[in-house]
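Enquirer: There's a structure below that I have some questions on.
Nothing in this text is a laboratory measurement; each read-out follows from the coordinates by a stated rule. Remember, it's a predicted structure, so these values are computed and weren't measured experimentally. In this analysis, Cβ positions are derived from the backbone assuming ideal geometry, glycine residues included, and neighbour counts consider all displayed protein chains.
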Amino acid sequence: MSRDWLIVGVNFVVLLLLQIFVCNTIYLGIYLNIQIYLMFILFLPAGLSSLPVLLLSALMGFCVDLLSGDLGLHLAACTAMGYARPYLLKRISTSDQIEIPPINRTHFVPYFIYTGILILLHHLLLFTLETFELKEILFIATRTLVSAAANIILISIIRYLRL
């Protein structure tokens, strides 16, 4: 089990640094935000119970907020994502054993549902809190859908290539 925690720790640091020093410095327009650090929450070991997932998700969000100058936005969105993750995994698991769906031809739909719902949840909460005006609902929805689509594609490519 200590090897698993070492891998979790390395993933945390690598994805956090990639987010802060690479993804946050690339401007792709107002509608497109690359959030590579979401891979950390998405692909935590499936056997982790809800509390460690929630704490690790909150820690990742806090660190992104701390290093990017945001005030709790990523913390809230990541905590919501970490909260929903175990329930979603239970719902989409086809066997008795809960596992993260692999990205292949036979499991593409469960993989897409899993990543899609969690990333959409994260982005919707993040952009709603960031904008915080109901009159901007179309802007929030467009930004959520464009960023979520881009992040799902990018994360799927990385996952497929096993980088």
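Enquirer: How large is ³J(HN,Hα), in whole Hz, for each residue of the stretch 36-51 in order, when computed from phi with the Karplus curve 6.51 cos²θ - 1.76 cosθ + 1.60 and θ = phi - 60°, using x for Gly and Pro?
Expert: 5, 5, 5, 4, 4, 6, 4, 10, 4, x, 5, x, 5, 6, 4, 5
Enquirer: Could you sort the peptides 60-68, 9-17, 33-41 by per-residue average Cβ neighbour count (10 Å cutoff), highest mean leading?
Expert: 33-41, 60-68, 9-17
Enquirer: With N set to the residue count of the chain, report its C-alpha Rg divided by 2.2 N^0.38 Å to two decimal places. Don't jump to the answer; show the numbers that get you there.
Expert: Values: Rg = 15.3 Å, N = 163, 2.2 N^0.38 = 15.2 Å.
Rg over 2.2 N^0.38 Å, computed on Cα atoms: 1.00.
Enquirer: Tell me the relative contact order for the stretch 1-132 as a rounded percent, counting alpha carbon contacts under 8 Å between residues six or more apart.
Expert: Details: 130 pairs, mean separation 27.7, N = 132.
Answer for the stretch 1-132 is 21 percent.
Enquirer: Let me spell out the model: positive unit charges on the Cβ of Lys and Arg, negative unit charges on the Cβ of Asp and Glu, origin at the Cα centre of the chain. What dipole size does that give, in debye rounded to 20? Kindly include the intermediate steps, with their values, before the conclusion.
Expert: Working: 9 positive and 8 negative charges, 88 e Å.
With Lys and Arg at +1 and Asp and Glu at -1, about 420 debye.
Enquirer: Right, here's the next one. What fraction of the Cα pairs in the stretch 72-163, stated in percent, has a spacing above 21 angstrom? Can you show the working numbers first?
Expert: On the way: 1583 of 4186 pairs.
The proportion of pairs with Cα distances above 21 Å equals 38 percent.
Enquirer: Can you tell me how much longer the chain between Ala141 and Val22 gets when fully stretched, taken as 0.36 nm per residue apart minus their C-alpha distance, in nm with one decimal?
Expert: Working: separation 119, 0.36 × 119 = 42.84 nm, distance 2.53 nm.
Stretched fully, the Ala141-Val22 segment lengthens by 40.3 nm.
Enquirer: Which ordering of Thr25, Thr128 is given by a fewest-first count of other beta-carbon atoms within 10 Å?
Expert: Working: Thr25 7, Thr128 20.
By the 10 Å Cβ count, ascending, the order reads Thr25, Thr128.
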